[in-house]
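Shown next, in structure tokens, is the structure this report addresses.
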Amino acid sequence: MRLSPLVLLPPLLAAPLAAQQKVERRFAVAQDVSIRITNTAGVIRVIGWERDSIVVIGALAPGASFFGGGKGAFAKLGVERMDETVAGPGSTLEIRVPRGARVSVRSVTAGIEATGLTGELQATSVSGSIKAGGGLKLLMAETMDGDLEVGGPIEITRITGGRGTVTLRDTRGDVLATTVGGPITATGARITRAHLETVSGAITYEGGVDGRGTLEAVTHAGDVTLRLPAAIPAEFELQTFEGTIETTLFPKGNVQHQPRDGSPWTFATAGGGAQVTVRSFKGAIRVLKQ
Amino acid sequence: MTCAELRERLDAYASGTLPDREAAAFEAHLGRCAECVARLEAAAPRLEPMTTLPRAVAPAADLWPAIRSRLARRGAAGPGRIAVPGWWLAAAAALLIAVSSGVTALVLRRGGGGAPSVVPAFRPSVSLTTLEAQYSAASDDLTGALEKARARLAPETLAIIRRNLATIDSALAESRRALARDPANAALTQLVVAAWRQKLDFLRRATALSTAS
């Protein structure tokens, strides 16, 4: 359905609205539109749909104003408050966008949720949580204190966390996830290349690695647990300076290894193939049969 | 330089054959395009062989004993070069370039604060000592920029930044102490580099956040 051009081209001017006011806007855009969305506090929900238009439905916090506009290949929208450094109630934005859009979302404390997208999503927050569904070509998400959750296969995933948890489900493709203190958990994984890195958080990986794929886990103090298929063809290099290493991959059952001076323990299973590398300063390493 | 042009020049950049002007444009682009930084990181394993190519033909065998004894004397006098896998340094240098370019852009935009330290372009054979000096300079630049912008950040955000940095600094100090006890340990070197990388990346994010607020 095509909308009237007069409705489709709202000006890029802030429109102050009254307290708790509802907002509804529509823009006609290209299917691969680039969209920038900003909302410091509250919730930002982005939903991919089949239409070539953006529809925004929101509830604005007192003192907040909505801005937005765009057409064709670019659109920009969001919520502004007079003083962003003062905590206050948040605004809720629910935004429907073309599935193949390139979406950039920015918040301070607002939670970000995105589902139904097949293009690219870049989500940034200070302490808000970020949830993204599967199907994206590229996900770049970073938050300093919030939790990060990815709910399905994505071609390329780049995640940077802080102290919050990172949870990856049905992980596929090429994954780079780093945190400071937050744990990283990947389940149902079948990756081509993954680099998981924390300073003090634990890393847990459950799933397989493609034939010539690489899985790397690096921590300073966090423990690393890999649960892999019993017959995985892979070459392992496991290294910890002050922790212990344990594996149940061998037929003889649980084998424990106490490294001397942090020298790496290397071995291959099922003739080798994939590369699995774990490196930690003082975390314990466990490589277990699924 | 566009993203497509950067992709075409990845190999030349990694092998150190990109002309200086193009290398500068390459690095400037990395400083403003997180997607290309991610691409460079993803390509690091493929680029590794280029970073470890020999730079010169080995000298005749009879020259070696004299050179070795000179190197041994020099090694006893100060810190030597530590073997670190090329891709670690490639990733570390890429981040350093991105961070440094980001700081440059930040300072130029603000029009004040003095020029940040100039970080040389990626050199595959760089030693850890050199790399740490560059990391430290970049870290100081970012910390300074962050300090100037602290009035724009909420107290909760500042607390989050402090807590994360404390965790990273503690890990960095612990890894460096271990490396001081065993300076030739390549794996410990990698852990020190990883901690620096984490610190610079976190500072970069915090600084970007403060400028956007």
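Listing for the model above:
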item	result
Failed criterion for residue B:170 (all others in (1) surrounded by fewer than 19 Cβ atoms within 10 Å (Cβ to Cβ); (2) within 18 Å of residue A:125 (Cβ to Cβ); (3) at pLDDT 90 or above hold)	(2)
Qualifying position, being farther than 30 Å from residue B:170 by Cα, within 14 Å of chain B (Cβ to nearest Cβ) and in a strand (DSSP E or B), among A:208, A:213	A:213
Single residue of region B:1-27 satisfying the filter (in contact with a helix residue (DSSP H, G or I) (Cβ under 7 Å, 6 or more places away or on another chain) and among the hydroxyl-bearing types (Ser, Thr, Tyr)) that is modelled with the highest pLDDT	B:13
Residue in region A:136-143 that is touching a residue at least 24 places away in the same chain (Cβ under 8 Å) and over 30 Å from residue B:152 (Cβ atoms) present	no
Residues satisfying the stated conditions in region A:192-205, i.e. modelled with pLDDT of 95 or more, among the hydroxyl-bearing types (Ser, Thr, Tyr) and part of a strand (DSSP E or B)	A:198, A:204, A:205
Filter pass, residue B:203 being facing chain A (nearest Cβ under 7 Å), buried (at least 22 other Cβ atoms within 10 Å of the Cβ) and of a type outside the set (Gly, Ala, Ser)	no
Region B:162-184, residues that are within 9 Å of another protein chain (Cβ to nearest Cβ) and part of a loop (DSSP other than H, G, I, E, B)	B:182
Checklist (1) assigned to a helix (DSSP H, G or I); (2) modelled with pLDDT of 85 or more; (3) within 14 Å of another protein chain (Cβ to nearest Cβ) applied to residue B:98, failing item	(2)
Selection from region A:234-290 of residues that are among the polar types (S, T, N, Q), away from chain B (no Cβ under 14 Å) and either buried (at least 18 other Cβ atoms within 10 Å of the Cβ) or within 23 Å of residue B:193 (Cβ to Cβ) (or both)	A:247, A:269
Filter result for residue A:155 (of a type in the set (Asp, Glu) and closer than 21 Å to residue B:187 by Cα)	no
Candidates B:195, B:154, B:159 - the one that is aliphatic (A, V, I, L, M), facing chain A (nearest Cβ under 10 Å) and in contact with a helix residue (DSSP H, G or I) (Cβ under 8 Å, 6 or more places away or on another chain)	B:195
Residue count for region B:134-191, restricted to those that are in contact (Cβ under 8 Å) with a residue 40 or more places away in the chain, among the hydroxyl-bearing types (Ser, Thr, Tyr) and closer than 25 Å to residue A:238 by Cα	1
Test set (1) under 25 Å from residue B:40 (Cα atoms); (2) surrounded by 22 or more Cβ atoms within 10 Å (Cβ to Cβ); (3) without any contact (Cβ under 8 Å) to a residue 40 or more places away in the chain; (4) not hydroxyl-bearing (Ser, Thr, Tyr) - residue A:217 fails condition number	(3)
One residue from A:165, A:179 being within 10 Å of another protein chain (Cβ to nearest Cβ), under 22 Å from residue A:278 (Cβ atoms) and either within 12 Å of the chain's Cα centre (by Cα) or small (Gly, Ala, Ser) (or both)	A:179
So residue B:187, is it under 18 Å from the mean Cα position of the chain (by Cα), closer than 18 Å to residue A:177 by Cα and facing another protein chain (nearest Cβ under 8 Å)	no
Residue selected from region B:173-191 under the condition farther than 16 Å from residue A:220 by Cα and out of contact with any Ser or Thr (no Cβ under 9 Å at 6 or more places or on another chain), by the criterion modelled with the lowest pLDDT	B:184
Filter result for the condition that a residue is at pLDDT below 85, more than 13 Å from chain A (Cβ to nearest Cβ) and not in a loop (DSSP other than H, G, I, E, B), over B:131, B:209, B:142	B:131
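A quick yes/no check of all residues on (1) part of a strand (DSSP E or B); (2) among the acidic types (Asp, Glu); (3) at pLDDT 90 or above:
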{"position": "A:232", "(1), (2), (3)": "no, no, yes"}
{"position": "A:256", "(1), (2), (3)": "yes, no, no"}
{"position": "A:259", "(1), (2), (3)": "no, no, no"}
{"position": "A:282", "(1), (2), (3)": "no, no, yes"}
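Conditions (1) closer than 23 Å to residue B:209 by Cα; (2) at the interface with chain B (Cβ under 10 Å from one of its Cβ atoms), marked per residue:
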| residue | (1), (2) |
| --- | --- |
| A:103 | yes, no |
| A:116 | no, no |
| A:126 | yes, yes |
| A:135 | no, no |
| A:185 | no, no |
| A:192 | no, no |
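The values are calculated or read from the model by the stated rules, or taken from the named source; none is laboratory data. Fair warning: this is a prediction, and the values are worked out from it, not measured in the lab. Note that we place each Cβ from the backbone using ideal geometry, even for glycine, and neighbour counts take in every protein chain shown.
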